[in-house]
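The structure under discussion appears below in the form of structure tokens.
Coordinate-derived values only; no laboratory data. All of these numbers come straight from a predicted model, not from anything done at the bench. Counting neighbours? That spans all protein chains shown, and the Cβs are built from the backbone with ideal geometry, glycine included.
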Amino acid sequence: MTTISSSPPQTFAQKAIARAGGLDRVEVGQIVDVRPDVVLSHDNTAAIRRIWQQFGQARVAIPERIAITLDHAAPPPTARHARNHAEIRAFVREQGIRHFFEVGRGICHQVLSEEALVLPGQMILGADSHTTHFGWLGAFGAGIGRSEVAALWATGELWLRVPESMRIVLEGELPPGVTAKDFALRIIGDLGADGGLYRSVEFSGSGIAAMGLESRMVLPNMMAEFGVKNAYVPPDEKTYGYLAKRLATRYAIGDREMDRSERDGPSTPRSLLADLKALALFPDPDATYVATHVYRAQELEPYIACPHSVDNVVPLSAVAGTRVDQAFLGTCTNGRLEDIAAAVEVIRGRRVAPGTRFLVIPASSQVLQAGLERGYIQALVEAGAVIGVPGCGPCMGNHMGIPAPGEVTISSANRNFRGRMGTADAAIYLANPAVVAASAVAGRIVDPREVVEG
């Protein structure tokens, strides 16, 4: 009698790590040497370079896989930051690194997405904790330390432990006024800031499929605050279409076929979609998960993460009326065009409240350009908002919006621990973009409907 054996089912993380390690399959807990498709760094590149120099190499091993963005202190607020940037530019020229993005291009996670440098099923490791962001593309994105990035520059390889996986399912479409940011805050509030520690989170359900791409980006980005190794959103026709358009624009391809040496992406204009779909990885239907959490979209509402922890989450109504000195719209979590559009819908024809500042920083130059073309930036300026250079801005307390001691900021960012924005004696509340804009108009935390309908 012939026995037919089948391999045990695999999660997305298992499949992605196996592919990056050149293996047929891997097991949870296994240590695997991987070769990532992209290695990311930003203003911390200069510090990484000093670590890499200890290897005694004249050249990095993988210049074609390195991506560097100047975004965390852009433009540089001090002479020290300016020297740091100059050192990075010299390193880029010396090593022949093609994927380099200057001050003003925008935040690394947004820029690499726009440039289609990360594709479904690929692995990106970066010296930034929010590298989980690239899960929105169906990729494996993970944040690593500076020493690990230096090792990748030197060898092109790094070991990873295959994480356990958990599923988060969203059923139904989000109601009006409720966003992906609210869903992410609810998850973290329910399960704790360490609830996903070193796990791979897989999102699924009709609610995820119904989301637009910019909303999907919020989820894996915010999961860095949940402690995860990576987070994954299954790619679909929306994802493939976005990437195909970006790739075609990036390489200016018409009907000609591109030589494989020109780029790492798909082969010809006509086969872009097919090639992207072939790259995609999906978990097996009967894969094993340590936990599954199911949410119903209609039961969600706007939420606020209160000082000084991202899992200190309450319904908006619980903190409505809290005074606001500064409102900040931006960051890699919520600085995209749909976020700016949501703010404009609330603020158009109104004014920022006296005694309150409203700082808006687009996530990239492309977002800024689109906002200008649609009249969003004009509407914001007319309302009294301040527009900043595309980049991270005050998110990590470098510059461009650091609060004074005792002040309260409501922010669309992803972190609110004490001192995050540069001032220990300042409070940070996290909310969705419409709530941030409405609070800027009211001078207090408020439901946007109160502003729009009042």
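General observations
- Seen from every direction in turn and averaged, the convex hull around the alpha carbons of segment 20-162 projects onto 8.4 nm².
- From its DSSP helices (H runs of at least four residues, each -39,500 (n - 2.57)), the chain gives a residue-normalised ellipticity at 222 nm of -9500 deg cm²/dmol.
- Relative exposure of Asp339, Asp182, judged by other C-beta atoms within 10 Å (fewest first): Asp182, Asp339
- Cα Rg, Dmax (largest Cα-Cα span) when computed across segment 97-193, Å: 16.2, 49
- Estimated vicinal HN-Hα couplings, Hz - segment 157-173 in sequence order (Karplus 6.51, -1.76, 1.60; Gly, Pro = x): 10, 7, 8, 10, 8, 5, x, 5, 10, 10, 10, 10, 10, 10, 9, x, 8
- Taking Met222, Met400 and counting other C-beta atoms within 10 Å, the order from fewest to most: Met400, Met222
- R0 of 25 Å, Cβ-Cβ distance Ala61-Gln30: FRET efficiency to nearest 0.05: 0.55
- Overall, the chain carries a charge dipole of about 980 debye about its Cα centre when +1 sits on the Cβ of Lys and Arg and -1 on the Cβ of Asp and Glu, all other atoms neutral.
- Using 0.36 nm per residue and subtracting the Cα-Cα separation, the extra length available between Ala248 and Arg418 on full extension is 56.8 nm.
- Summing Lys and Arg as +1 and Asp and Glu as -1 over all other residues whose Cβ lies under 10 Å from the Cβ of Glu407 gives a net charge of 0.
- Multiplying the residue separation of Ala318 and Glu299 by 0.36 nm and subtracting their alpha-carbon distance yields 5.2 nm.
- Residues Cys395, Cys306, Cys108, sorted so that the one with the fewest Cβ neighbours within 10 Å comes first: Cys306, Cys395, Cys108
- Here the gap between Arg161 and Asp194, fully extended at 0.36 nm per residue and compared with their Cα-Cα distance, gives a gain of 10.1 nm.
- Share of pairwise Cα-Cα distances greater than 23 Å in segment 307-453 is 25 percent (whole percent).
- Between the amide H of His293 and those of Arg167, Ile168, Val169, distances stay under 5 Å, these residues lying 5 or more places away or on another chain, with hydrogens modeled in the peptide plane.
- Listed residue (Ile66, Ala13, Met217) projecting farthest to the positive dipole end of the chain, Cβ model: Ile66
- Here the chain carries DSSP beta bridges of which approximately 20% are antiparallel, counting only pairs with both residues inside.
- Reported to the nearest whole Å, the Cα centre-to-centre distance from segment 30-75 to segment 341-407 is 31.
- Cut-off under 5 Å, modelled amide H: who pairs with Thr69 long-range: Ser41, His42, Phe101
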